[in-house]
Every structure is written in C-alpha cells, then in structure tokens.
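Taking it in order: structure first as structure tokens, then the write-up.
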Amino acid sequence: MKDDSILRKIIFSSGFLACFPAILIMLFLHPLSSKYSLSVEPTEKHKGQFIYSDLNTDSISEIVYTGKGIPYYFIAVKDNDQRFYDQWNLLDNLNQNISEIFFGNFDHDRFEEIYVFSHKGDSLFLNVNEILDSHGTRLERIFITKIGFINGIVTSILEPGGFYDQNGDGMDELYFGITTGFRQDPRRMYRFDLVHKKLI
C-alpha cells in the first residue's frame, strides 16, 4: 500500500508528466543544424587617404578621406566638427599606386572639384565630383586608356600635371602623365578637356 502511494506520487508528479511530451517532441524535432553557414570573406586591403582641403573657399578646410565599403570604394567629406557633407561611391577600384585623390577648380568658381582615377582590371577611368555644389560638375567612369595590370597588380603610375587653359575658352584642361613598368605603353602625357569631355 505504501509502495503504491509512492509510485502514484511519482507517476502524477509534474516532472514525470512533463517527460512524456518532451520525449515525443524531441523525437519529431528537426536535427539541430542550419542550412546557412557563416564565413568571413577576404577583403582587399585599402590604405585610405586623409586630406584637408578648402572645397568651398570659406577659408576653413574640409576633411576628405577615402575608404573601402561593401561593395564600393568611397570618398567622404566632413567638416571640422565631424559632420558629414556627403559621400561619393565609386563603382571601380581605387589604387593609390595609380592615383591618389587631388583637387582642382577648372571652371574658376568658388567650389573645388575632387579628381580621382579608378580602374577595373586594366581599364583606367577618370572621376570628377564638385561634391559641395549640388549643381556642380560630375563625371564618372570616363574611359582614359588601358594600363599595366599583371596578376591583379597595377604596374602603371599616374602623376597629375596641373590645370592649364590651353584652348583659351576660360576653362582649364586637366594634364596628367602615365608611365608603366614591364610593358611599352602607356607612357604618355594626356590633356583632358572637361567641358567637351575630350582626351588629347
């Protein structure tokens, strides 16, 4: 009689009653695995640039810097209080071996343009953005030439030559030179007319 009451107490205890549904649920549960797997993608190292330049001629320099986001390289502009003015995303690769960012004012207004050359494989592109002027000059992916590109490494070097008004229209043309190792070309001095988008 005493054994029967102990057995009855065990059978009707909450812990014992909870075991049966738990065992049934575990039998029908999907195995603990995921159809998704997480992995870290290798990213290309980009040593960004950090430059001060007065882009709006107010005698206070803005902070201009480059970086690598996903999936774009970008050029961002901040004021001295670290507030963003704007960010410019580029479709192609930035590589300081071929081009650092530089500044100019070909149209002689109060806003400077940001200039940078980008590349996709062996194709070189010119990008220009008057980023602080909402109606300013914007040129993206202007094809310039094929450059040295061997085993995923750029073997050309680009040097900006400055801005000069060669044709007398009141607007400066951009001059730059490209030299290349391990191949014959390009080894040239270029002039780009930003008004007519013409490369000479």
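Nothing in this text is a laboratory measurement; each read-out follows from the coordinates by a stated rule. Predicted model, so just to flag it, every value in this text is computed and none were measured. Glycine gets a Cβ as well: all are built from the backbone with ideal geometry, and neighbour counts include every protein chain shown.
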Single residue of Phe143, Phe192, Phe176 found to be part of a strand (DSSP E or B), in contact with a Pro (Cβ under 6 Å, 6 or more places away or on another chain) and not aliphatic (A, V, I, L, M): Phe176
Selection status of Phe125, in contact (Cβ under 8 Å) with a residue 24 or more places away in the chain, closer than 24 Å to Ser59 by Cα, crowded, with 20+ Cβ neighbours inside 10 Å and of a type outside the set (Asp, Glu): no
Only one of Lys78, Lys120, Lys68 that is free of Cβ contacts under 8 Å to residues at least 60 places away in the same chain, under 29 Å from Val154 (Cα atoms) and surrounded by fewer than 16 Cβ atoms within 10 Å (Cβ to Cβ): Lys120
Residues of the range 4-22 that turn out to be assigned to a helix (DSSP H, G or I), surrounded by 10 or more Cβ atoms within 10 Å (Cβ to Cβ) and among the polar types (S, T, N, Q), as a count: 0
Subset tally (residues that are closer than 24 Å to Thr179 by Cβ, of a type outside the set (A, V, I, L, M, F, W, C), surrounded by fewer than 19 Cβ atoms within 10 Å (Cβ to Cβ) and without any contact (Cβ under 8 Å) to a residue 40 or more places away in the chain) for the range 128-161: 5
Residue match in the range 94-107 (condition: within 24 Å of Ser53 (Cβ to Cβ), assigned to a loop (DSSP other than H, G, I, E, B) and charged (D, E, K, R)): yes
Verdict on Asp58 being out of contact with any Pro (no Cβ under 6 Å at 6 or more places or on another chain) and farther than 28 Å from Gly170 by Cα: no
Hits in the range 72-93 (condition: part of a loop (DSSP other than H, G, I, E, B) and closer than 18 Å to Phe117 by Cα): Tyr72, Leu91, Asp92
In the range 123-159, the residues that are among the acidic types (Asp, Glu) and within 14 Å of Ser99 (Cα to Cα): Glu159
Number of positions in the range 137-172 that are among the small types (Gly, Ala, Ser) and more than 21 Å from Arg191 (Cα to Cα): 1
